[in-house]
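Single-structure report; data block below.
Please treat every number below as a calculation from the coordinates, not as lab data. Everything numeric here is computed off the predicted structure, so don't read it as measured data. For neighbour counting, all protein chains shown are included, and Cβ atoms are generated from backbone atoms with ideal geometry for every residue, glycine included.
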Amino acid sequence: MNGTSNKVDKSKLYFIPLLVCILLAATFVLMPSATAKEYISPTYEYTNNYYKAYGEPDIYASVLGDTEFERGETAQIRVMLSNKGVLYGFKPGTSIDTSEGVHQLSLTELQYETQRTSAYGIKAHLVSSTDLIEIDAATNSKTLDELLAGELSEDPFVFTVTISENAPAGTYLLEMPMNYEYPEDVRMTAGESIILGMPDQDHATYYETVEQTIQIPVIVVPEAKFEVSSVSGNITAGSTNTLNITYTNIGELPAEDAVARLIMMQPLSTDRPIQSLGTMQPGESRTISFDITSDFQAVEKSYGIDSEIKYTDVDGEDAFSENMKVDVFLKQPEGKVNVTGLAIAGLVIMGIVLVIKNIRKNGSKKSNK
């Protein structure tokens, strides 16, 4: 009885996988037709090649809008793709007899072969070879499903870039590596596709992968640019002192009618925060003086004063430099009691007195006991 039961159980075990295989096969047969790209292309023995086409995709890139940017600017680069691929012709691959069916297959293959110049699955990203131009990683991965010959991409690839404040004027070449596939060969399956589970697939497509790099020019425009090259003069608490500041035009263009302005807060102040620099050529330096007044109780330390320059650029427009820091050291006058030091000393003495009182109090309690 047990032996019979085991035999029945084993037969069930064999039957279940067989049923699963039958159901899977039926699923493939009943599955709606799909593009050849969804399947692994069959080997050549299941296909016939009536023609060999010549030509392939030819991808170009063009930038929408201006590619000129200023230092410190964050902007978008909008890149359009175009496919200028040309189909040069066909060469017979297999002789065609008088059979009407074979002739029709060959004509159908010709239609498929015309897609040889189409690019599929385009993937691209932008690369900067310099730290002076940063590309936002969040916008740096782009894809396009297809680009047919003679067509433009419907929407541009949009990349966000930031130009460094220290970038010299000139042309920078960004690189846009991309890869895609195109149908390098099309062969008719001649009815053999049913063996492969693809009864409605009358052809097989064999794709070729292409890697291509396109250069995108970015121009950093020349302009006047300033820096604080030196600072001299002593600032003393409770008095007015002269501070000499030297500005240098480190840019590529002149700055006309330039004026420098200091922006300061207590304990520092000045009656004339704006001083004229005149016209400054590239590489030219000019020193101007400011009278700085400080409070009597100002703390002795280093202070940072904000400074900027307004000027007229080569187009006759008003322009402003970036903010520049002027570092100055304020000291206490000789012979003056250092208020801060005196306050600290007072706190120390007060602490010592409290400690002594506490010790005496504890000693008095012990003696009374």
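Computed from the C-beta positions of residue 223 and residue 111, the FRET efficiency with R₀ = 56 Å rounds to 0.45. Note on residue 129/residue 265: beta-carbon distance plugged into 1/(1 + (r/R0)^6) with R0 of 51 Å gives a FRET efficiency of 0.75. In vacuo Debye scattering of the range 226-331, one point per C-alpha: log10 I(q)/I(0) at q = 0.24 Å⁻¹? Summing over Cα pairs of the range 226-331 leads to -1.26.
Can you give the FRET efficiency for residue 212 and residue 296, using 1/(1 + (r/R0)^6), R0 = 56 Å, r = Cβ-Cβ distance, to the nearest 0.05? The value I calculate is 0.20.
May I ask you to sort 286, 187 by Cβ crowding, counting other Cβ atoms within 10 Å and putting the fewest first? Before the final figure, lay out the partial values.
Working: 286 18, 187 23.
By the 10 Å Cβ count, ascending, the order reads 286, 187.
Among 50, 207, 180, rank each residue by its count of other Cβ atoms within 10 Å, from fewest to most, as a rough exposure measure. Before the final figure, lay out each step's value.
Numbers: 50 22, 207 16, 180 25.
Listed from fewest to most nearby Cβ atoms, that is 207, 50, 180.
Projecting the Cα atoms of 326, 232, 312 onto the charge dipole of the range 226-331, computed from C-beta unit charges around the Cα centre, puts 232 farthest toward the positive end.
Scaled against the 2.2 N^0.38 Å expected of a compact globular protein of N residues, the Cα radius of gyration of the range 150-274 reads 2.35. Spin-label model, residue 165 to residue 358: label points 7 Å out along the Cα-to-beta-carbon direction sit 5.0 nm apart. Considering only 347, 281, 221, the residue lying farthest towards the positive end of the dipole of the range 215-354 is 347, judged by Cα position with unit charges set on Cβ.
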